[in-house]
Amino acid sequence: EKEMADDFEHIRKRMELMRNDSTSPDTRVADYLQGIVPATTDTLVQLTLGGYFAAGRIWVLHSRLRYFDPEKRRSGLPQDVAALVEKLTSDSVTVTLVNTNQLEPRVLDVQAGGYGEHQFTAVSANGKNTPLQSPLLTVRLAPGAGSRLTLSMNRYVNRPTLVQPWNRALQSP
């Protein structure tokens, strides 16, 4: 909650900078406003992906998880799906996934790492432990349902990829 409050304060300050900008379009460099963009994603990345962006010349995502919407064939959580990373250990991540839609089921692909660089070795849910050997996991959520998953993993064992999951073989428990 504190992190989210800090993010909202950041947004308010950046919006104020934009409102008070005294330069005109013909007197500033094209990327001038990039330094005061109000968008902030760090807390969202930490809480949903268990990750962070490594800053430098190029932003690189270091995360335990990444989500895909197989129905719409796009990166990110499907509509009406929420995710909260609750715990990280050296070889596991615990995440709660919830379908907030009370009428429609949802399906999402969960990837081990921002670029599939990790490998899931097991998933524990509802007292059941299922072995895996895959960088991908398909999760089906009933309407209004949620599940806490503990995903065991080997980290940094796969070659990183930007290939979308529907172009790779998926393994589900």
Step through the residues of region 65-77 one at a time and calculate ³J(HN,Hα) from phi using the Karplus curve (6.51 cos²θ - 1.76 cosθ + 1.60, θ = phi - 60°), rounding each to whole Hz and writing x for Gly and Pro.
-> 9, 8, 10, 9, 9, x, 5, 8, 6, 8, 6, x, 5
So for the pair Lys13, Gln46, with labels modelled 7 Å out along Cα→Cβ, what separation do we get in nm?
-> 1.5
Across 10 Å bins from the origin, how do the percents of Cα pairs in region 23-173 run, short distances first?
-> 11, 38, 31, 11, 7, 2, 0
Hits among lysines - C-alpha to C-alpha of Lys13 under 30 Å, sequence gap 8 or more where chains match | Lys2
Any idea what the relative contact order of region 43-109 is, in percent, if you count C-alpha pairs under 8 Å spaced at least 6 apart?
-> 28
Note down the relative contact order for region 45-173 as a percent, whole number, built from C-alpha pairs under 8 angstrom at least six residues apart.
-> 24
Contact order relative to length of region 97-165, as percent, for alpha carbon pairs under 8 angstrom and 6 or more apart = 44
To the nearest 500 deg cm²/dmol, what mean residue ellipticity at 222 nm is calculated for the chain from DSSP H runs of n ≥ 4 alone, each contributing -39,500 (n - 2.57), summed and divided by the residues?
-> -5000 deg cm²/dmol
Enter the angle in degrees (range 0 to 90, nearest 10) between the Cα long axis of helix 2-19 and the first principal axis of the Cα atoms of the chain, meaning the one along which they spread out most.
-> 30
With +1 on each Lys and Arg Cβ and -1 on each Asp and Glu Cβ, and nothing else charged, work out how big the dipole of the chain is about its Cα centre, in Debye to the nearest 20.
-> 520
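Readers should treat all values here as calculations from the given coordinates under stated rules, not as data from a laboratory. Note that the structure is a prediction, hence the values are computed from the model and not measured. Virtual Cβ from ideal backbone geometry, glycine too; neighbours counted across all protein chains shown.
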